[in-house]
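The values are calculated or read from the model by the stated rules, or taken from the named source; none is laboratory data. Remember, it's a predicted structure, so these values are computed and weren't measured experimentally. Glycine also receives a Cβ, built like all others from the backbone with ideal geometry; neighbour counts cover every protein chain displayed.
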Amino acid sequence: MSKKKKRLVHGIFFYVGILFLMAVILIPFFFMITVSLKTAKEAIQVPPTILPQELTMQHYRDIFDTGIFPFLRYFKNSMYVSVLAASISLVFGIMAGYALSKLRFPGRTTISNSFYCVYMFSGILLIVPLYRLLSSVGLYNRREALIIIMVVQTLPTSIYMLKGFFDTIPQEIEEAGKIDGLNYVQSIFYIVIPISVSGIVSVFVYAFMIAWNDFLYATIFLSSADFFTLPIGLNALFNRPDYIWGRMMAAALVTSVPVVIMYAFSEFLMKKGTTEGGVKG
């Protein structure tokens, strides 16, 4: 077989594999979309239909009915917890990551290596001590308790990731800034952050997604429906005795919209940071 034919065969197998992987990933979303547009009767009929025979938007109207699914309340709680937790984790991650990357002090290497130990322990092991601690200070059934827990969960990884980004910044750039009169804090704002926009956005998205998708801690530390986040609200909707498949799929799709917007916006910021980041003379 000639080299040209080999390349053609390899290319065919490559694209067939890509299409297969895309199908595996996208089929569940296709199923969710089609079921959310079917009537309640058609969604459970046997044999199932691939496409809706009768389009309906009733399920989407239902999830905005506060008597069925108070989506806006759950959305507000999820956004409050996720944005604050991600922001706090990012701020402390930048400060700690910069200190471990650029400053020289006794024990710096030991502290840096200790972050590897975090991955050896499951988050489940923290439930009992965190429950006792937060309950003793009156934070049980408060959204603030969930924010603290999400910061505890994401901060070690945030520090580790940001330190890796800061390590790639040449020391000469900061030294040039110091010659111009910049101190450490000014160096972070005027040199480090503009250069590390892609890393900072990645860390924020990571912390945001961990908090947004959290179900375990929210189930344990939140007992009032007024403070439920979207994962708990979806679980409550799924466990209703009068559950409707189309309504559940519609709720799941609407819940995923902010995540899609977050990824698209972060991609825009990372591309913008790549082209514009740096030190202006």
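Summary table below
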item: Selection within the stretch 172-183 - free of Cβ contacts under 8 Å to residues at least 12 places away in the same chain and part of a helix (DSSP H, G or I); result: 172, 175, 178, 179
item: Within the stretch 210-244, tally of residues that are surrounded by 21 or more Cβ atoms within 10 Å (Cβ to Cβ), hydroxyl-bearing (Ser, Thr, Tyr) and outside any helix (DSSP H, G or I); result: 1
item: So residue 67, is it of a type in the set (Gly, Ala, Ser) and either in contact with a strand residue (DSSP E or B) (Cβ under 7 Å, 6 or more places away or on another chain) or not in a helix (DSSP H, G or I) (or both); result: yes
item: Any hit, the stretch 153-162, residues being in the same structural domain as residue 221 (by TED's automatic domain parsing), among the aromatic types (Phe, Trp, Tyr) and farther than 30 Å from residue 219 by Cα; result: no
item: Residue in the stretch 245-256 that is under 19 Å from the mean Cα position of the chain (by Cα), outside any helix (DSSP H, G or I) and modelled with pLDDT of 75 or more present; result: no
item: Residue 18 vs. criteria over 30 Å from residue 164 (Cα atoms) and part of a loop (DSSP other than H, G, I, E, B); result: no
item: Scan of the stretch 16-48 for residues that are exposed (fewer than 12 other Cβ atoms within 10 Å of the Cβ) and closer than 11 Å to residue 245 by Cα, ordered by number; result: 41
